[in-house]
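For reference, the structure is listed below as structure tokens.
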């Protein structure tokens, strides 16, 4: 495996935003399904649901229920069609890598748990390229020797 995405990449795929054209262009070049983990899918789905809730509480925040539901449906459709494919992860090994990464960088840079887990997962699956629009997560991935696409 040569590439692994984070949640910001999935958001750019399933919601029209600043980075969507870049994510779409990258996906068109892909010759096989984009490999994802169950953790990545859980974080993406949770994020969408939170944005729906935020919008319901304050219409100036998040996005509408119909937009969020469309994102989740499109994700599910891509999983069924093979545009995305779930890879098997040995979570005990990922946790060991994550502990090493956390102990090395978090006190210096203040990384979030999910960011560390996504980078650790990329390392675990042998990715050389990390697909992310999150500048802080890009910095962590680069520090761990992964090539960052943007």
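Results, tabulated for the structure shown:
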item: Given (1) closer than 22 Å to residue 142 by Cα; (2) out of contact with any helix residue (DSSP H, G or I) (no Cβ under 6 Å at 6 or more places or on another chain); (3) surrounded by 13 or more Cβ atoms within 10 Å (Cβ to Cβ), index of the condition residue 17 fails; result: (1)
item: Filter result for residue 73 (out of contact with any helix residue (DSSP H, G or I) (no Cβ under 6 Å at 6 or more places or on another chain) and either under 14 Å from residue 131 (Cα atoms) or in contact (Cβ under 8 Å) with a residue 12 or more places away in the chain (or both)); result: no
item: Residue satisfying condition, being under 24 Å from residue 19 (Cα atoms), touching a strand residue (DSSP E or B) at 6+ places or on another chain (Cβ under 6 Å) and either at pLDDT 95 or above or in a loop (DSSP other than H, G, I, E, B) (or both), within set 74, 78; result: 78
item: Verdict on residue 65 being farther than 26 Å from residue 26 by Cβ, loosely packed, with under 13 Cβ neighbours inside 10 Å and more than 15 Å from the chain's Cα centre (by Cα); result: no
item: Search result, residues across the stretch 48-64 that are under 15 Å from residue 14 (Cβ atoms) and assigned to a helix (DSSP H, G or I); result: 48, 49, 50, 51, 52
item: Top-ranked residue in the stretch 20-38 [being in a loop (DSSP other than H, G, I, E, B) and within 20 Å of residue 119 (Cα to Cα); ranked as nearest to the chain's Cα centre (by Cα)]; result: 37
item: Given (1) free of Cβ contacts under 8 Å to residues at least 40 places away in the same chain; (2) over 17 Å from residue 41 (Cα atoms), index of the condition residue 128 fails; result: (1)
item: Hey, residue 9 closer than 21 Å to residue 127 by Cβ, surrounded by 13 or more Cβ atoms within 10 Å (Cβ to Cβ), free of Cβ contacts under 8 Å to residues at least 40 places away in the same chain and within 12 Å of the chain's Cα centre (by Cα) or not; result: no
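For (1) out of contact with any strand residue (DSSP E or B) (no Cβ under 8 Å at 6 or more places or on another chain); (2) modelled with pLDDT under 95; (3) farther than 17 Å from residue 128 by Cα, each residue gets a yes or a no:
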| residue | (1), (2), (3) |
| --- | --- |
| 21 | yes, no, yes |
| 30 | yes, yes, no |
| 36 | no, no, no |
| 49 | yes, no, yes |
| 53 | yes, no, yes |
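The values are calculated or read from the model by the stated rules, or taken from the named source; none is laboratory data. Here the structure is a predicted model, which is why all the values come from computation and not from measurement. Counting neighbours? That spans all protein chains shown, and the Cβs are built from the backbone with ideal geometry, glycine included.
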